[in-house]
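S.K.: I am attaching a structure below and will ask some questions about it afterwards.
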C-alpha cells in the first residue's frame, strides 16, 4: 500500500517550506510527495530541487504551463503510480501523525467485505490551532459523499485520500480559458458509483490565504462558467434533498447571468434538463403555497 501526497502549486514559494517541514516530520514517511508546479514564476522549481537534494523524503516534481489547479491535479493523477492519492494544498500543513493515521484507516477498510465499493477515506481538517473546520459525524461511517454533505449535512472542507485507480476514471473537465473547476464536481460523480469511509480524526491543518481559491471562489466561478454551471447542473440532478436541488438550480441561474454567456459552450448553455427541472420546481412550490 502506498500514498502519493499530491500538491498543486502556483507561486507559493513563500509557503511551501512549512508544508515541506511538516512532511519531513511525519512519523510514517512511506509516501511520495508529488508536486505539480502550475507554471510558477517565483523560483518554486529551484526550491523543490533543493528539497530533492536533501533526500529527507521522496519527491517527484512536475512542471506544466499554467492552467489552474484542476489541470494540475489531472496531471498528478495521470502520473501517479501509488495505491492512494492524498490531496494537500501548498498553503497547508500536516500533523506529524497524519500519514500514520491514514494508513491505519486504509488498512481498516481493506479488510471490509465492501472494500471494492469504497473509493477512499476522509478525515477532518482543522485550522493551525486544531479547531475543526465545519462540523463532523457522530461516529465513523461508510456512505457516499452526497449523503455525507446533503443528508447528514456535514459542512466545511475535509481531507480526502482516494484510490488512485478510481481517480483515473474521473478526470476533471478542462475548458479552454477556464482555470477553475469545483472539486465537488468529481467527488459527486464518484458518489454515483462509490462510497467513502469517513472518520473523525484531524489529519490536516489549513490556513486560508487572501489570494487563495476559497476567498476568491465567486470571481473564479464567474470566470469559469462552463465548469461552474456543469457542477450545479449535475448537483441538481443528484439524489439529494429537494431544498439543495433548488439551491443548486438557483446557483446555476445566478452564475449563468453573472458571467459572459458568449463563453458558455452549447452543451452547457441552459440544457433542456435545467429548464425542465426549473419549471418542475416552480410548479412544486406554486402548488405547495397554494394549499
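Just so it is clear, none of the values below were taken in a lab; they were calculated from the coordinates. Keep in mind that this is a model prediction, so the values were computed, not measured. Note that each Cβ is placed from the backbone with ideal geometry, even for glycine, and that neighbours are counted across all protein chains shown.
S.K.: Note down the relative contact order for the chain as a percent, whole number, built from C-alpha pairs under 8 angstrom at least six residues apart.
M.R.: 18 percent
S.K.: Any idea what % of Cα-Cα pairs in the stretch 170-260 are farther than 23 Å?
M.R.: Of all Cα-Cα distances in the stretch 170-260, 34 percent exceed 23 Å.
S.K.: Another one. List 111, 151 from most exposed to least, where exposure is judged by having the fewest other Cβ atoms within 10 Å.
M.R.: The fewest-first ordering by Cβ neighbours comes to 111, 151.
S.K.: Whole-Å semi-axes of the stretch 13-141's equivalent ellipsoid, largest first, each the root of 5 times a Cα gyration tensor eigenvalue?
M.R.: 27, 18, 16
S.K.: Per 0.36 nm of contour for each residue apart, how much would the distance between residue 78 and residue 104 grow if the chain were fully extended, relative to their Cα-Cα spacing?
M.R.: So the extension gain works out to 6.8 nm.
S.K.: Would you please report the Å³ per residue occupied by the convex hull of the alpha carbon atoms in the chain?
M.R.: 144 Å³
S.K.: Per 0.36 nm of contour for each residue apart, how much would the distance between residue 183 and residue 254 grow if the chain were fully extended, relative to their Cα-Cα spacing?
M.R.: 23.6 nm
S.K.: Now for a different question. Mind sorting 252, 175 by how few other Cβ atoms lie within 10 Å of their own Cβ, fewest first?
M.R.: By the 10 Å Cβ count, ascending, the order reads 175, 252.
S.K.: What FRET efficiency would be calculated for the residue pair residue 169, residue 222, taking the C-beta separation as r and a Förster radius of 35 Å, to the nearest 0.05?
M.R.: Step by step, r from the Cβ atoms, then E = 0.75.
S.K.: Could you list 58, 70 so that the one with the fewest beta carbons within 10 Å of its beta carbon is first and the one with the most is last? Numbers along the way, then the final one.
M.R.: Details: 58 13, 70 24.
Sorted ascending by nearby Cβ count, the order is 58, 70.
S.K.: How much mean residue ellipticity at 222 nm does the chain get from its helices, if each DSSP H run of length 4 or more adds -39500 (n - 2.57) and you divide by all residues, to the nearest 500 deg cm²/dmol?
M.R.: The per-residue figure over the chain is -12500 deg cm²/dmol.
S.K.: Compute the angle between helix 69-79 and the longest alpha-carbon principal axis of the chain, please, reported from 0 to 90 degrees and rounded to the nearest 10.
M.R.: 60 degrees
S.K.: Additional query: Roughly what angle does helix 225-237 make with the longest principal axis of the chain, taking Cα atoms, 0 to 90 degrees, to the nearest 10?
M.R.: The answer is roughly 70 degrees.
S.K.: Follow-up. So how do 126-133, 198-205 stack up, highest first, on mean other-Cβ count within 10 Å?
M.R.: Final packing ranking: 198-205, 126-133.
S.K.: Restricting to bridges with both residues inside the chain, how much of the DSSP beta-bridge set is antiparallel, in percent to the nearest 5? Could the numbers behind the result be given before it?
M.R.: On the way: 13 of 37 bridges.
Roughly 35 percent of the beta bridges in the chain run antiparallel, per DSSP.
S.K.: Nearest 10 degrees is fine. How inclined is helix 98-110 to the longest principal axis of the chain, computing both from alpha carbons?
M.R.: 60 degrees
S.K.: Packing-wise, with mean Cβ within 10 Å as the measure, how do 239-245, 96-102, 256-262 rank, highest first?
M.R.: The packing order, highest mean first, is 96-102, 239-245, 256-262.
S.K.: Something else about it: Please find the FRET efficiency linking residue 176 to residue 111, where r is the Cβ-Cβ separation and R0 is fixed at 30 Å, and quote it to the nearest 0.05.
M.R.: The formula returns an efficiency of 0.10 here.
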